[in-house]
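Working notes for the structure below.
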Amino acid sequence: MRIGFDATCLPPFIAGAGRYICGLVSGLSAEDRSNEYYIISKKQDRHLFADLPENFHLIEVPNLSRPLRVGWQLSAPRSLSTKHKLDVWHAPHYTLPRGMQGIYSVVTFHDMTFFLYPHFYNPAKRLFFQRMIRDATNRADAIVAVSKTTENDIRHLFGQSTHKLTHVYSGINGHFKPDSHHRRTAFEQFRINKDEKFILFVGTFEKRKNLP
C-alpha cells in the first residue's frame, strides 16, 4: 500500500499536534516495512524526518507563508497522489484536500475547541477551521480522534456513525521513563516539596487549556 502523509502543517515551535505528527512518522518507521510512505514536508522541516527507512520517501515542498500553505494543502495533494499512485492520504491536522477521488482519505482531529470554545480564537481562524472540520467530516473515509473525549465531542456535534470514527491514543516517546536522579534534580530546581501535591503541565499556555 502507498500512503501519503501531509506533514506540511508543522509549526515553527513543535508542540501538541506537531509532536503527534513527528511521533506518528517515527513510530510507523520503526514498525512498518511492508507499506510505502510518502511524507510531504516543508524544506525547513526536513531534518525532522532524517534517517527514515527505505520504504519512507520524503517529498519536500517550498517554505510557504501560512495562507499559501493552506492553499497548497487543499489543492496540491491531488497531483501528488496521482504522480505517486497513492492508495491512502492521511491529513493529520483537520484539513482534507479537495479532488481526492479514487483514494482512501483519513483525517485526524485533535479537539473540537473551534466549536466548543470559539471565543478563544480570532474570527478568521475560527471560521476557517470550522469550515474545514465540517468538510473533512463529510468527505473523509475515516476520522481519527486522539482521545475518547474528542470522539464523543465529534459524535455530539456531527453524529458520525461508528464505522467512520474511532479514537486512537497518541503513543509515548521512549525518552519518557522513570529516572530517580533527574526527578530529584527537578524537585530541587523548581523548589517542589515531593511530599506535597502538585500539578505538572507540559503543554502550551493557552486560555482554553483551563489552567489554574
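The values are calculated or read from the model by the stated rules, or taken from the named source; none is laboratory data. These numbers come from a predicted model, not from an experiment. Cβ atoms come from the backbone with ideal geometry, glycine included; neighbour counts cover every protein chain shown.
Would you check if ARG191 is of a type in the set (Lys, Arg) and in a helix (DSSP H, G or I)?
So ARG191 does not fit the description; no.
Restricting to the stretch 66-114, name every residue that is part of a loop (DSSP other than H, G, I, E, B) and either of a type in the set (S, T, N, Q) or more than 26 Å from PRO12 (Cα to Cα) (or both).
Once the filter is applied, which keeps residues that are part of a loop (DSSP other than H, G, I, E, B) and either of a type in the set (S, T, N, Q) or more than 26 Å from PRO12 (Cα to Cα) (or both), the stretch 66-114 yields HIS84, LYS85, LEU86, ASP87, THR95, GLY99, MET100, GLN101, GLY102, ILE103.
Six or more apart or on different chains, Cβ under 9 Å: which pairs go from a residue in the stretch 36-51 that's closer than 20 Å to ARG66 by Cα to one that's part of a strand (DSSP E or B) and among the small types (Gly, Ala, Ser)? Could you list them?
Within 9 Å, the pairs are ILE39/GLY4; ILE40/GLY4; LEU48/SER41.
State all residues of the stretch 125-159 that are surrounded by fewer than 18 Cβ atoms within 10 Å (Cβ to Cβ) and touching a helix residue (DSSP H, G or I) at 6+ places or on another chain (Cβ under 7 Å); if no residue qualifies, say none.
ARG126, GLN130, LEU157, PHE158
Within the bounds of the stretch 113-120, is there any residue that is of a type in the set (S, T, N, Q), modelled with pLDDT of 90 or more, in contact with a Pro (Cβ under 9 Å, 6 or more places away or on another chain) and under 18 Å from GLY16 (Cβ atoms)?
Looking for residues that are of a type in the set (S, T, N, Q), modelled with pLDDT of 90 or more, in contact with a Pro (Cβ under 9 Å, 6 or more places away or on another chain) and under 18 Å from GLY16 (Cβ atoms), one finds none in the stretch 113-120, hence no.
ASN173 versus (1) at pLDDT below 75; (2) surrounded by 10 or more Cβ atoms within 10 Å (Cβ to Cβ): which is the lone unmet condition?
(1)
Does any residue of the stretch 171-178 turn out to be in a helix (DSSP H, G or I) and either assigned by TED's automatic domain parsing to the domain that holds GLN73 or of a type in the set (Gly, Ala, Ser) (or both)?
Quick first cut of the stretch 171-178, residues in a helix (DSSP H, G or I) only: none.
Within the stretch 171-178 (the criterion being in a helix (DSSP H, G or I) and either assigned by TED's automatic domain parsing to the domain that holds GLN73 or of a type in the set (Gly, Ala, Ser) (or both)), the answer is no, since none of the residues qualifies.
Look through LYS164, LYS209 and report the one residue that is without any contact (Cβ under 8 Å) to a residue 40 or more places away in the chain, under 23 Å from PRO11 (Cβ atoms) and surrounded by 10 or more Cβ atoms within 10 Å (Cβ to Cβ). Explain how you work it out, then say what you get.
Details: LYS164 fails: under 23 Å from PRO11 (Cβ atoms).
Checking each option against the conditions leaves just LYS209.
Return yes or no: is SER29 of a type in the set (Gly, Ala, Ser), without any contact (Cβ under 8 Å) to a residue 40 or more places away in the chain, buried (at least 17 other Cβ atoms within 10 Å of the Cβ) and part of a strand (DSSP E or B)?
In short, no.
On the given criteria, is MET100 hydrophobic (A, V, I, L, M, F, W, C), buried (at least 19 other Cβ atoms within 10 Å of the Cβ), within 20 Å of GLN73 (Cα to Cα) and over 17 Å from the mean Cα position of the chain (by Cα)?
For MET100, the condition - hydrophobic (A, V, I, L, M, F, W, C), buried (at least 19 other Cβ atoms within 10 Å of the Cβ), within 20 Å of GLN73 (Cα to Cα) and over 17 Å from the mean Cα position of the chain (by Cα) - is met.
Table: residues versus (1) assigned by TED's automatic domain parsing to the domain that holds TRP89; (2) free of Cβ contacts under 8 Å to residues at least 60 places away in the same chain.
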residue	(1), (2)
HIS110	yes, no
HIS119	yes, yes
LEU127	yes, yes
SER147	yes, yes
THR185	no, yes
ARG191	no, yes
PHE198	no, yes
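Which of (1) out of contact with any strand residue (DSSP E or B) (no Cβ under 8 Å at 6 or more places or on another chain); (2) closer than 29 Å to PHE114 by Cβ; (3) of a type in the set (Gly, Ala, Ser) is the odd one out, the single condition SER41 does not satisfy?
With (1) out of contact with any strand residue (DSSP E or B) (no Cβ under 8 Å at 6 or more places or on another chain); (2) closer than 29 Å to PHE114 by Cβ; (3) of a type in the set (Gly, Ala, Ser) applied to SER41, the lone miss is (1).
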